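The values are calculated or read from the model by the stated rules, or taken from the named source; none is laboratory data. Here the structure is a predicted model, which means the values were calculated and not measured. Cβ atoms come from the backbone with ideal geometry, glycine included; neighbour counts cover every protein chain shown.
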Amino acid sequence: MTEVIHCIGCGAEIQTQAPGELGYTPNGALEKGLATGEVYCQRCFRLRHYNDIQDVHLTDDDFLRLLNTLGQEDALIVNVVDIFDFNGSLIPGLHRFVGDNPVLLVGNKVDILPKSLKKSKMKQWMVERAHEVGLRPIDVLLTSAKKPNEMEELLATIEKYREGRNVYVVGVTNVGKSTLINQIIKQTAGIQDLITTSQFPGTTLDKIEIPLDDGHFLIDTPGIIHRHQMAHYLGKKDLRIIAPTKEIKPKIYQLNAGQTLFLGGLARFDFIQGERSSFIAYVSNDIEPHRTKLENADAFYEKHVGGLIQPPRVDEVKDFPELIRFEFSVKEKTDIVFAGLGWITVTSPGVVAGWAPKGVDVIKRKALI
């Protein structure tokens, strides 16, 4: 019987017969990999060395099967979310899948938020939002996968709650889960960048088991595709623009009723009714908001999308979904969130509308900052 070999980057079973399918690697590359003890599929190899992503399709059923196994084991579940895209990175219905297993909620990318934000306030805010969707975490931790010293606290917290059990790390795509796992491996085993990481949705293709000292495992799972994220509608270059990599600088606008802000060509915010007040945009520093009159907004978008307001780029405009409108009545300080892009904080009562590509959520939540 032939020994089954798995890609150490994404966990897929290695095969040499079908290019373009899961786990493919050419024979020559396989032989070299076996000689060095590091076998990567072609997809992971290209991603690591050329930052080139190749699409591989996993179905929603695959992810559901994976989630269903979580409740059948006695394990600690570590749910990694992206603080910058908190609502867009929650796994729908996770509390139903985990059974009686405890969940540790880990907010990643904390370094992107303004330093003035107090961690204790942030944690309390996360607990409240988790409770709203039925999740009751045993603890909340804030971290940045880019900061190795923060991994020690994460590992200590995992050790505290796992009580001699396996640990499953779960999250939707793009939350930085694989970067986090790579840091953990580096801390515990001194191996650098073992797992493939990327900004592009869905790079871990099967479960990856990392042995722990007591014979149990820390298990990295594929990123669950969240269908309402902005990332699914953008090309590679634009993904890099919308995903902040350093601390975001809030942009403050004084708006009168009847004014509109465009966030590139990806989203739109209308101030419909209320007293003149401040609106604060929390988006990637590379996105340039544009202000215009509400009455001219449709024509402005039609004329300038792909040019003055981008992303999307001019060659991607024809495939970009139309913007859909969501109206909100605001009574207190509130965030209007564009899933995967950021949010605008409304500081005074009024009526506003958020527009996003068809399929992307726009929601109202209690202000984070």
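Can you tell me which residue among GLY99, GLY71, GLY107, GLY88 is assigned by TED's automatic domain parsing to the domain that holds LEU180, under 14 Å from the mean Cα position of the chain (by Cα) and without any contact (Cβ under 8 Å) to a residue 40 or more places away in the chain?
GLY107
Give the residues of region 323-369 that are assigned to a loop (DSSP other than H, G, I, E, B), more than 25 Å from GLN310 (Cα to Cα) and of a type in the set (Val, Ile, Thr), sorted by residue number.
Answer for region 323-369, where residues must be assigned to a loop (DSSP other than H, G, I, E, B), more than 25 Å from GLN310 (Cα to Cα) and of a type in the set (Val, Ile, Thr): THR347, ILE369.
Tally time: how many residues in region 71-83 are touching a Gly at 6+ places or on another chain (Cβ under 7 Å) and crowded, with 19+ Cβ neighbours inside 10 Å?
Number satisfying all stated conditions: 5.
Is region 67-74 home to any residue that is among the aliphatic types (A, V, I, L, M) and at pLDDT below 90?
Yes, because at least one residue in region 67-74 is among the aliphatic types (A, V, I, L, M) and at pLDDT below 90.
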